Amino acid sequence: MTTPVRGDAEARRALESLVAEHGTRIVATLIRACGGDFQLAEDALQEALVTALERWPRDGMPAKADAWLYTAARRKAIDQLRRSQNLARKTEQIQILGALEQAGMPDEPEVELLQDDRLRLIFTCCHPSLALDAQVALTLRTVAGLDVPEIAKAFFAHADTMAKRLTRARSKIRDARIPYRVPPEHELPDRLEGVLSVVYLIFNEGYVGSTGQRLVRDELCDEALRLGRLLASLMPDEPEVLGLLSLMLLIDSRRAARIDGHGEMLTLEEQDRSLWDHSRIDEGAALAQQSLRMRRPGPYQLQAAIAALHVEPERPEDTDWLQIALLYNELLRIQPTAVVELNRAAAIAMAYGPDRGLSLLDNLEAQDGSLAGYYLMHAARADLLRRAGRFEDATTSYRRAMELCPNPVEVRYLRRRMREMGES
């Protein structure tokens, strides 16, 4: 049974929707079927998409379009292997070909099977033989479906550099025959840092999109939360896994309140707290407490504790900024990065006054220039200068933040803050 599609444009829209919803799941299953050959799987899927665009306007969209697309891609992979003239890889290719010809996809695939494929893919991408940034980038590309420019922005890197890094990572997985599986229990701790970084970067890209016209990309937030829950079910005794899931739930609880009726961004102080998802707050807070009781504190647990303090009070003025500042002190001790120092300075400013925070930002800029091109550094300075009544200096920082900010919704928010000071 098929669904009629009227013309090429409608077929393209239907296919784009299908890829957005099921693309990474199909890729993960294809990579397993292709023996871990990322490039073969991705090339086969691209060929299948072209075939779909040719056939669907004529034949209609299949009822089980995701299964159709997987099957078409699997056949394309088989065809590619049969056409290959690379004799050096013939033995390996014959093995892959045999596996592909055996592999299939049931009409109604089991959800757990598909989830396991994506989990296998994450752990394969996060193999310790790859550099951490390559692990994260490869998983963002393959599992989350982010394009190269989006990943490059997440790393403050050029798109060409990121594309080469991804190519090298795929080649290393293939050439080193890195197994496509969830590692055995005794190997999990060594693989955890990369996996958690991947999931959190997916979430952050969804919560504050680095490209496009939207502030929030719901599909990425939802994917990160799903992956976080999978990891928590796989590793329930690992406090940092629970801490990450807690952190994402607590932050995500505010998603519906971040944009007003006109599509403008609202800060924590401005949000309608009745719109917050209190079921997620309760779940996140319970997970934060559960992870901390394990007495192995880590960065995600501490950030979750900070996020819990942000969502507990009914009014923004009741936020316990002193406790938040103390938690940032501990976070900085175990994770001494410039971004943590920036967030700590902002918390101390809220606890002790903007001048104290500005002094810390001055010291940070003098000691570490890595945040000079980071728009949130300039936005934080602008906010503290505004709170201190130094409007002319604040305007300069707001303008610099707007120049660097990649998201138009955030740019409009920064411009609104300038207007509130009487600046144009």
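The values are calculated or read from the model by the stated rules, or taken from the named source; none is laboratory data. A quick note: this is a predicted structure, and the numbers were derived from the prediction, not measured. Backbone-built Cβ (ideal geometry, glycine too); neighbour counts: all protein chains shown. Please note that ligands, DNA and RNA were not included when accessible areas were found on the heavy atoms of the full protein model with its side chains. Shrake-Rupley method; radii C 1.70, N 1.55, O 1.52, S 1.80 Å.
Using each residue's phi in the stretch 254-263, evaluate 6.51 cos²θ - 1.76 cosθ + 1.60 at θ = phi - 60° and report the 3J(HN,Hα) Karplus result to the nearest Hz, with x for Gly and Pro.
The phi angles translate into 9, 4, 5, 9, 7, 10, 7, x, 9, x Hz.
Please list, in chain and number order, the residues 5+ apart from residue 181 or on another chain whose amide H is under 5 Å from its amide H, with Hs placed from the backbone.
124
At a temperature of 25 °C and a viscosity of 0.890 mPa s, determine how fast the chain diffuses translationally according to Stokes-Einstein, using the Kirkwood radius over alpha-carbon pairs as Rh; express D in µm²/s, rounded to the nearest whole number.
104
Near residue 76, which aspartates and glutamates are there with a Cα under 18 Å away, not counting those fewer than 8 places off in the same chain?
Output for residue 76: 37, 42, 43, 47, 54, 66, 92, 101.
With a ≥ b ≥ c the root eigenvalues of the C-alpha gyration tensor of the stretch 227-284, is it rounded (a/c under 1.5), prolate (a/b larger than b/c) or oblate?
prolate
Give the shape of the stretch 309-356 as rounded, prolate or oblate, defined through the alpha-carbon gyration tensor: a ≥ b ≥ c are the square roots of its eigenvalues, a/c under 1.5 means rounded, and otherwise the shape is prolate if a/b is larger than b/c and oblate if not.
Oblate, since a/c reaches 1.5 and b/c is not below a/b.
Treat each spin label as a single point 7 Å out from the Cα along the C-beta direction, and report the residue 55 to residue 161 distance in nm.
Label-label distance for residue 55 and residue 161, simple model: 4.3 nm.
Which value, in debye to the nearest 20, describes the size of the charge dipole of the chain about its Cα centre when Lys and Arg Cβ atoms bear +1, Asp and Glu Cβ atoms bear -1, and nothing else is charged?
1160
Please work out the C-alpha center-to-center distance from the stretch 25-89 to the stretch 387-424 and express it in whole Å.
48
Would you mind working out the accessible area per residue for the chain, using a 1.4 Å probe, and quoting it in Å²? Please report the intermediate quantities before stating the final value.
Details: 20470 Å² over 424 residues.
On a per-residue basis, 48 Å².
With Cβ to Cβ distances under 10 Å as the rule, what net charge do the other residues near residue 316 carry (K, R +1; D, E -1)? Walk me through the numbers before you get to the answer.
Numbers: positive: 273, 315; negative: 269, 270, 314, 317, 318.
With Lys, Arg at +1 and Asp, Glu at -1, the neighbours total -3.
So, by mean Cβ neighbours within 10 angstrom, what's the order for 373-382, 293-302 with the highest one leading?
Order by mean packing, descending: 373-382, 293-302.
Out of all Cα-Cα pairs in the stretch 204-313, roughly what percent, to the nearest whole number, are more than 24 Å apart?
On the way: 1454 of 5995 pairs.
Value for the stretch 204-313: 24 percent of Cα pairs lie more than 24 Å apart.
If you average the C-alpha positions of the stretch 261-283 and of the stretch 176-208 separately, how far apart do those two centres end up, in angstrom?
First find each Cα centre; the distance between them is then 30 Å.
Give the carbon-plus-sulfur fraction of the accessible surface of the chain in %, rounded to a whole number; probe 1.4 Å, heavy atoms of protein chains only.
C and S fraction of accessible area: 49 percent.
Out of every Cα pair in the stretch 321-424, what percent are spaced more than 18 Å from each other?
48
When the convex hull of the C-alpha atoms of the stretch 30-85 is computed, what volume per residue in Å³ does it have?
Numbers: hull volume 4.0 nm³, N = 56.
Normalising the Cα hull of the stretch 30-85 by residue number yields 72 Å³.
Can you find, among 26, 288, 45, the residue sitting farthest towards the positive end of the charge dipole of the chain, where Lys and Arg contribute +1 and Asp and Glu -1 at Cβ?
With unit charges placed on the Cβ atoms, the residue in question is 45.
May I ask you to order 22-30, 64-72, 328-336, 410-418 by the average number of other C-beta atoms within 10 Å around their residues, highest value first?
Result, highest mean Cβ count within 10 Å first: 22-30, 64-72, 410-418, 328-336.
5 Å is the cut-off here: which amide hydrogens, built 1.01 Å from N in the peptide plane, fall below it relative to residue 61, excluding neighbours closer than 5 in sequence?
Residues meeting the criterion, in which the H sits 1.01 Å from N, are 3, 5.
Kindly write out, for the stretch 22-30 in residue order, the coupling ³J(HN,Hα) from the Karplus curve 6.51 cos²θ - 1.76 cosθ + 1.60 (θ = phi - 60°), rounded to whole Hz, with x marking Gly and Pro.
Those phi angles translate into 10, x, 5, 5, 5, 4, 4, 5, 5 Hz.
For the stretch 167-183, what does the Karplus curve 6.51 cos²θ - 1.76 cosθ + 1.60, with θ = phi - 60°, yield as ³J(HN,Hα) per residue in whole Hz, taken in order and with x for Gly and Pro?
4, 5, 5, 4, 4, 5, 4, 5, 5, 7, 6, 5, x, 8, 6, 6, x
Which whole-number value in Å³ per residue fits the convex hull of the alpha carbons of the stretch 259-376?
In the stretch 259-376, the Cα convex hull volume per residue is 122 Å³.
For residue 405, which sequence-distant residues (separation of 5 or more, or a different chain) have an amide H within less than 5 Å of its own amide H, given hydrogens modelled in the peptide plane?
none
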